[in-house]
């Protein structure tokens, strides 16, 4: 299986970048793909400090000294999928739960009481317990309380995305996991997720269906990070140029420990992750970059405002867990276990202001 | 017949076709475009298109422009 | 190669034919510039002013296509009419949609331009709209089938240069069609700068017609455009000094 030419990062992978190339990239007036390739290269590892300074300046210019906060709510851990790296894969011995609607409401009330205005709703692959109808109802409930409702769920048709948009969903998050086809095939052992292109094309269907925001990402550790990050950039630019009236965000999920003990074939350390984030801020200066609680507190504290301008906190990756006691096993281990107040205090100590919503949903016409 | 051509009232003495009018005006057909009462008349119709008394005609050509 | 619609051009300099002191100078400037596309305007035929008539001299030029503009139109309806007349007269599918209701500053009407461009693109024209340097408008025009967008550098004839550079950069960033700076340029160095910045071509009229020696200036602009393109291909050196914070930002990365 071959990647389409517009997505394929192969042309960059054979090139060796020198320190001079990195200097050149750092001074580029209109950063582009070549800039990114240079800044992702091994040579750029010696330039983290100037990259961080540039990333901080660009983040301040485009986002001010603010950090957008959101929180994930796992609606269901039912999943028929076979992702080798995920705690909810169908061959894992874990209790399966799906929140009934009154439980969903309880969770939403608890999350809103914490102060959040933006919520991310998650499920696994399409299942009888968490299908489109279930999701639509949950979106409706969430849209009554939250100004931004993002869904991170199974890929679906344009018509189905349109239904969720009408129900009040504002965004979709869908990580391609890896843009490397052989790795993708190996990692996704069975189920509908095996279809690489169906997943790849889903964000476009979502945007065409009326969702306003698309969140992209690749799971760092699965394949060569340079390959995946360059393909991710191409994917992002493609969406920006085609769906120009929509917004993008980019996340940098890194494989973390989970109960099943999956070991990533291409581990990415903190320095490399920082390098990737700085590089993306430099080439996509006005795209929000997201860091979740997969990462530990010290790393998140350091990266806040250095490219990263959107973060989750006080997260539970178990089903529910905010209103009631959550289920035992989460999708992945949360590293930053701080509460919201403690986190906000940290941000303020770094002269960063936590922001819970950046626009009002009150004038949006929804069901 | 009397016609208004480029804002001026004139008397046309030819056979009433566009071709005849252009010849009368001294305009080169290949370098001219024409509207009659606001409608574009394609050059392929000029030999047969009949003008009527009182028609308003614009005879246009290219000049320098940015 | 510059591709507009289905037509390819070697030259990235487009010339306007207005404001020249006489036709002979205009023709000589066109030839000196190496351009392959010139704009023309429609006016009433005047038998007493045959020297205004460009059709005969232009027809003699080899390898130069005509792009009628809709200058004089006050709204979309008039612009569509003008475009149809222009196509009929020139046989060329190219049209520059140019609608400026205010005869003083000559700034383009974005709304009427969009409406005209949409109709003309659907009617098979190769549409090049002259617009304010507005990134959203540019994408909307791309969506309705324009072959390129032509954001102004500054007001027509002002010679104020690339005053809209930052906006033009935003247009270039997300455009899938060529971006051509039109209006406001004064010096060949500005044309070079526009191309270096990422523009696909420039359209120049006043800067050449009103120069002391228009023919020499036309040649200079051609060189400027070529220089800008060569510089872009060569990759300009980095611009800024890399500032390093006094307290390291990355000390948390061990």
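The values are calculated or read from the model by the stated rules, or taken from the named source; none is laboratory data. It should be emphasised that the depicted structure is a prediction, and the values quoted were computed from it without experimental measurement. Reconstructed Cβ throughout: ideal geometry from the backbone, glycine too, with neighbour counts over all protein chains shown.
For the reader, a short list of remarks on this structure follows.
- Scanning the stretch A:28-55 for residues that are within 14 Å of chain C (Cβ to nearest Cβ), part of a loop (DSSP other than H, G, I, E, B) and surrounded by 17 or more Cβ atoms within 10 Å (Cβ to Cβ) yields A:28, A:31.
- Criterion (buried (at least 21 other Cβ atoms within 10 Å of the Cβ), in contact with a helix residue (DSSP H, G or I) (Cβ under 6 Å, 6 or more places away or on another chain) and within 28 Å of residue C:123 (Cα to Cα)) met by exactly one of C:41, C:76, C:29, C:82: C:76
- Scanning the stretch A:314-322 for any residue that is at negative phi, within 14 Å of chain C (Cβ to nearest Cβ) and surrounded by 20 or more Cβ atoms within 10 Å (Cβ to Cβ) turns up nothing.
- Just one of the listed residues (C:106, C:170) is modelled with pLDDT under 95, within 13 Å of another protein chain (Cβ to nearest Cβ) and surrounded by fewer than 19 Cβ atoms within 10 Å (Cβ to Cβ), namely C:106.
- Within the stretch B:13-66, the set of residues being more than 10 Å from chain C (Cβ to nearest Cβ), surrounded by 16 or more Cβ atoms within 10 Å (Cβ to Cβ), part of a strand (DSSP E or B) and touching a residue at least 24 places away in the same chain (Cβ under 8 Å) comprises B:17, B:57.
- Residue in the stretch A:144-159 that is at pLDDT 95 or above and assigned to a helix (DSSP H, G or I) present: yes
- Note on the stretch A:4-14: residues that are surrounded by fewer than 16 Cβ atoms within 10 Å (Cβ to Cβ) and more than 14 Å from every other protein chain (Cβ to nearest Cβ) total 6.
Yes/no matrix, rows are residues, columns are (1) away from chain A (no Cβ under 14 Å); (2) touching a strand residue (DSSP E or B) at 6+ places or on another chain (Cβ under 8 Å); (3) touching a residue at least 24 places away in the same chain (Cβ under 8 Å); (4) buried (at least 22 other Cβ atoms within 10 Å of the Cβ):
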residue	(1), (2), (3), (4)
C:176	no, no, yes, no
C:206	yes, yes, yes, no
C:216	yes, no, yes, no
C:251	no, no, no, no
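- Qualifying positions in the stretch A:92-133 - surrounded by fewer than 20 Cβ atoms within 10 Å (Cβ to Cβ) and part of a helix (DSSP H, G or I): A:101, A:102, A:103, A:105, A:106, A:109, A:110, A:112, A:113, A:114, A:132, A:133
- If you go through the stretch C:69-99 and keep only what is facing chain B (nearest Cβ under 7 Å) and closer than 19 Å to residue C:150 by Cα, you end up with C:69, C:71.
- Near pairs, Cβ below 6 angstrom, 6+ apart or cross-chain, from the stretch C:28-45 (over 17 Å from residue C:59 (Cα atoms)) to any residue that is surrounded by fewer than 19 Cβ atoms within 10 Å (Cβ to Cβ): C:44/B:6
- The residue list C:194, C:220, C:231, C:201 contains one member that is over 21 Å from residue C:178 (Cβ atoms), surrounded by 14 or more Cβ atoms within 10 Å (Cβ to Cβ), at pLDDT 95 or above and more than 8 Å from chain A (Cβ to nearest Cβ), which is C:220.
- Residue in the stretch A:246-266 that is surrounded by the most Cβ atoms within 10 Å (Cβ to Cβ), counting only those that are under 27 Å from residue C:139 (Cα atoms) and in contact with a helix residue (DSSP H, G or I) (Cβ under 8 Å, 6 or more places away or on another chain): A:250
- Qualifying residues in the stretch C:117-161 (those that are modelled with pLDDT under 95 and touching a helix residue (DSSP H, G or I) at 6+ places or on another chain (Cβ under 6 Å)) - the one nearest to residue A:286 (Cα to Cα): C:161
- Filtered by the rule that a residue be surrounded by 20 or more Cβ atoms within 10 Å (Cβ to Cβ) and either touching a helix residue (DSSP H, G or I) at 6+ places or on another chain (Cβ under 7 Å) or assigned to a helix (DSSP H, G or I) (or both), the stretch A:285-298 gives A:289, A:291.
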